Protein chains: 2
Amino acid sequence: MVQNKSAVFLKYPTEYPVAGEHIEIQSKELTVALKDNDVLLRNLYFSLDPYMRGRMRDAKSYVPGFQVGEAMSGYGISEVFDSKNAAFPVGAIVSGVTGWQEYSVIPGATGLRVLPGARDSPIPLSAHLGILGVPGLTAYASLKIIGQPKAGETIFVSAAAGAVGQIVGQMAKKLGLRVVGSAGSDDKVDYLINELKFDAAFNYKKNGTILENLKRAAPEGIDIYYENVGGETLEAALEVMKDHGRVIACGMISQYNTQQPYGIRNLHHVVSKRITIRGFIAIDFVGEREEFAKEVGTWLVKKEIVYREDVADGIEASPEAFVGMLKGKNFGKQLVKIADL
Amino acid sequence: MVQNKSAVFLKYPTEYPVAGEHIEIQSKELTVALKDNDVLLRNLYFSLDPYMRGRMRDAKSYVPGFQVGEAMSGYGISEVFDSKNAAFPVGAIVSGVTGWQEYSVIPGATGLRVLPGARDSPIPLSAHLGILGVPGLTAYASLKIIGQPKAGETIFVSAAAGAVGQIVGQMAKKLGLRVVGSAGSDDKVDYLINELKFDAAFNYKKNGTILENLKRAAPEGIDIYYENVGGETLEAALEVMKDHGRVIACGMISQYNTQQPYGIRNLHHVVSKRITIRGFIAIDFVGEREEFAKEVGTWLVKKEIVYREDVADGIEASPEAFVGMLKGKNFGKQLVKIADL
C-alpha cells in the first residue's frame, strides 16, 4: 500500500501565507483507476513561483484559483509511472502542470509534454522549470517584445537574482545594454556583480531609499525597467526613467501579501516622459518558444549564461519553501525536489 | 503709440495658480524692428490647455518651461500684421506658437503654418485650435494607435466634455464602440448623453465613489480607458478593466495642482490583466496629421461630429480662464479670443 503525500491548500491568506495554517502536508492512500488516455505521474520536481500567490485568492485571476482542500499545483517535471496513453509511455520524462504531491493523475494527459532525451541529457531536469522553462521564456520573450532593447541603453531589473531576473540581466548584457539590478541581500548583490556581470547592483534594504540607491546605480537614468516587485521600486523606476521608457510588468511581488498596497504617486511621468507600461503572462508569448529554446539552449550548452537554483528537499519542505520564496529568502529559481529519477 | 497687453508669468505655483499672483496682465509699448524672415502677428485666438501647468514648473518637462517675467505662450491663430518673410505675407492667417498677448514677434516665423482659405472658410478660425488642431490630432491619433479600438468594445473617457474627450467619444461611437464618459457637472453629463450620444455618462462628484459610478455605467467592464485626469479615476478604471485593456495616457489633470499626489494602489492589475498603459504627446503622431485633417475635416463639413468651445473674451480674461480650465470650470475646448479678424 503506497501513500501519496500532497501539499494541500487549506484557506485563503490575507497577508503572507503560513505553512501549516494555509498549506498542509497530508498523506492519502494511493488508489488509482486510470481511464483511457489518463496517465499517472511520479513527480520529480515542481516549481514555486510568485504568481501562485494570486491563485490563493477567492477572486478571478489570470489562472484559476486553488481549490480549498485540494493539492496546490503548478509546473513540474515527472516520470510517467502508469499510462493508458500511447503518447506518454511508462518511463517517459514529461513536463506540465502537476500537483504538489508525490504522485499525480493527469486525466487525458492534458498539457503534458515529453522531454525527449531528458533522461540522458547533460542539461539537468530542473532546468526545464527554470532557464529552459516558463521563467526563461518569460524573460526572453518579454525583454525582446515589450522591452525593445537597444545596445547602449540602460535597463534596471528588480528581483534580479530571482528566476526571471537573472536571465533578463544576462540577456540584456549580451544585447549590449548597461544592466543595473536590485536584490534583497548582499550575497545576491555580489552574485549579480561577480557571477552575472551586471554593471551595477544594490541591496534595496540598505544605504538609503530605493530611489537614492537607484540614482547612484544609474545616474544617467534608465530606458527599460524590468518590473518584478512593484511598490516603492516601481515609483523609483518611474522617477529616473528617460523619455520613451518601457516598463516590462512581469510581477509585483511586494504587493501580493499585504492588505495595505503601496500607492504609486508619480504616474504623471507616464504622460510627460511618454512611458509604456505593459503587463503580460508567459503564455502570451508561446509563439516565441521555439526560438527561445534554440537560442537559450545554445547559450546554456556553450556556458555563456549561468543560473542559480534554490532547491528544497522533499514534499514536506514545500510549504515553508513557498512562503520563503514570497519573502525573498530564495536565492535563484525556487524548486522543490520530490524524488530522484 | 500702440500698447501690447500680455499675460506675463510671474512665479512658480505649488498648487493651483492664482490670477494676479502667478500670471498678470502687463501692457508695454509696442516697438518692433523686424529682421529678415521675422513676422509680427496680430493675435486673434489662443488655446488654454492642461499641459501648460507642467510648463509652470522649475523642472524638465516635455516642453520647455515658461520663463518668469515673460509672456505665457501656446498655440494660437493670428493674422500677419507686418512681415519680412515672403512665405507669410501681411494679411495671411496663420497658426503656431504665439505669446498670450495682443501682438507677437515670431523670429524667422518659426513653426508658423499658413491656413489657406481660412479667411473665407465656413469653418470658424477657432476650430484650428480645437477639433482641427492639436486636441483633435491628439484624440484621433492616440485613440487609433494606442487604443487599437475594435467594434463592440467599451471605452471609458474621463474629462469627456473637454477638448480631447468630446472628440474621442464621438470617434469611438463612429467605430462601433460602447462609449462611457465622466465629467464634473450635470450639464456636461447631459451634453455627453444628448448631444454627443454617449451610451452612458456620470458626474464624478455625485452618487458615490468614482468606482461605484463607473461600475454602474460600465457593468460589463472596459476595454479602453482614455485617461485625462489620473488619480482616483485611473484607479477605478484599472479596477474594472478587462484582460488586455489599454490605457491611453493623455493627461492626469487631477495631479497637476497638488503637492499631495494620489497614490494608485492597484497597479497589480497591469500584470494580471495584461494591461498596456502608454503615455504620448501629440507631436509623436505628427505622421497622422494628413489623414486626421482629411477625415475629421470631412466629418465636420458633413456635421457628423459636433464640438463645444468655451471662449474667454479678451487678453485680460486669460489668467482667470486658465485657472478655471485647470479646475474644470470650462465646458468644451477653452480658448481666449483676443481680437476680431
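The values are calculated or read from the model by the stated rules, or taken from the named source; none is laboratory data. Please read all numbers here as calculations on a predicted model, not as lab measurements. Please note: Cβ atoms are built from the backbone with ideal geometry, for glycine as well, and neighbour counts cover all protein chains shown. For the accessible areas, the whole protein counts, side chains as well, though only heavy atoms, and no ligand, DNA or RNA atoms are used. Shrake-Rupley method; radii C 1.70, N 1.55, O 1.52, S 1.80 Å.
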(request) Determine the calculated [θ] at 222 nm for chain A from helices alone, applying -39500 (n - 2.57) to every DSSP H run no shorter than 4 residues and normalising by the residue count; nearest 500 deg cm²/dmol. (result) -5500 deg cm²/dmol
(request) Return the sequence-ordered ³J(HN,Hα) values of the range A:282-294 in whole Hz as given by the Karplus equation 6.51 cos²θ - 1.76 cosθ + 1.60 applied to θ = phi - 60°, using x for Gly and Pro. (result) 4, 5, 4, 10, 4, x, 8, 4, 5, 4, 4, 4, 5
(request) Enumerate the calculated ³J(HN,Hα) couplings along the range A:266-275 in order (Karplus 6.51 cos²θ - 1.76 cosθ + 1.60, θ = phi - 60°), each rounded to whole Hz, writing x wherever the residue is Gly or Pro. (result) 10, 5, 4, 4, 4, 6, 5, 9, 6, 8
(request) Partner chain Cβ atoms within 10 Å, averaged over the residues of B:233-240 - can you pull that number for me? (result) 1
(request) Roll a 1.4 Å probe over the protein heavy atoms and report the accessible area of A:MET171 in Å², nearest 10. (result) 10
(message) If I model a spin label at B:ALA86 and B:GLN3 as a point 7 Å from the Cα along the Cα→Cβ vector, what separation in nanometres do I get?
(response) 4.0
(message) Could you put B:VAL90, A:VAL311 in order of accessible surface area, largest first, with the 1.4 Å probe and the full protein assembly present?
(response) B:VAL90, A:VAL311
(message) Taking the Kirkwood radius as the inverse of the mean 1/r across Cα pairs, report the Rg/Rh of the range A:167-251.
(response) 0.92
(message) Output wanted: per-residue J couplings in Hz (rounded whole) for the range A:251-256, from phi through Karplus 6.51 cos²θ - 1.76 cosθ + 1.60, θ = phi - 60°, x for Gly and Pro.
(response) x, 9, 4, 5, 9, 7
(request) Determine the shielding of peptide B:256-262 by partner chains: average, over its residues, the number of Cβ atoms on other chains within 10 angstrom of each Cβ. (result) 2
(request) Give the long-range amide H neighbours of B:ARG308: residues separated by 5 or more places, or on another chain, with amide H under 5 Å away, using H modelled in the peptide plane at 1.01 Å from N. (result) B:LYS333
(message) Can you give me the solvent accessible area of B:ASP38 with a 1.4 Å probe, rounded to the nearest 10 Å²?
(response) 20
(request) Counting only heavy atoms of the protein chains, get the accessible area per residue of the range A:17-121 (1.4 Å probe) and round it to a whole Å² value. (result) 47
(request) Please average, across the residues of A:242-251, the number of beta carbons from any other chain that are within 10 Å of each residue's own beta carbon, and give a whole number. (result) 3
(request) Within 10 Å, count the other beta carbons around each residue, average over each peptide in A:293-301, B:183-191, B:153-161, and list them highest first. (result) B:153-161, B:183-191, A:293-301
(message) Of all beta bridges DSSP finds with both residues in the range B:192-335, what is the antiparallel percent, to the nearest 5?
(response) 0
(message) Only four residue types carry charge here, +1 at the Cβ of Lys and Arg and -1 at the Cβ of Asp and Glu. Report the dipole size of chain B about the Cα centre in Debye, rounded to the nearest 20.
(response) 760
(request) Please work out how much accessible surface A:ASP120 shows to a 1.4 Å probe, ignoring ligands, DNA and RNA, in Å² rounded to 10. (result) 140
(message) With a 1.4 Å probe and all protein chains kept in place, how do B:ILE305, A:ILE145 rank by accessible area, largest first?
(response) A:ILE145, B:ILE305
(message) Give the lysines whose C-alpha is closer than 30 Å to that of B:LYS11, dropping any in the same chain fewer than 8 places away, or say none.
(response) A:LYS215, A:LYS242, A:LYS273, B:LYS28, B:LYS60, B:LYS327, B:LYS329, B:LYS333, B:LYS337
(message) Keeping all protein chains in place and using 1.4 angstrom, which order do A:SER318, A:SER73 fall into by accessible surface area, from largest down?
(response) A:SER73, A:SER318
(request) Could you pull out every residue, at least 5 positions away or on a different chain, whose amide H is within less than 5 Å of the one on B:ILE264? Hs are placed 1.01 Å off N in the peptide plane, and Pro or chain starts have none. (result) A:ILE264, A:ARG265
(request) Quick one: which residues, 5 or more positions from B:CYS250 or on another chain, have an amide H under 5 Å from its amide H? H modelled 1.01 Å from N in the peptide plane, none for Pro or chain starts. (result) B:GLU227
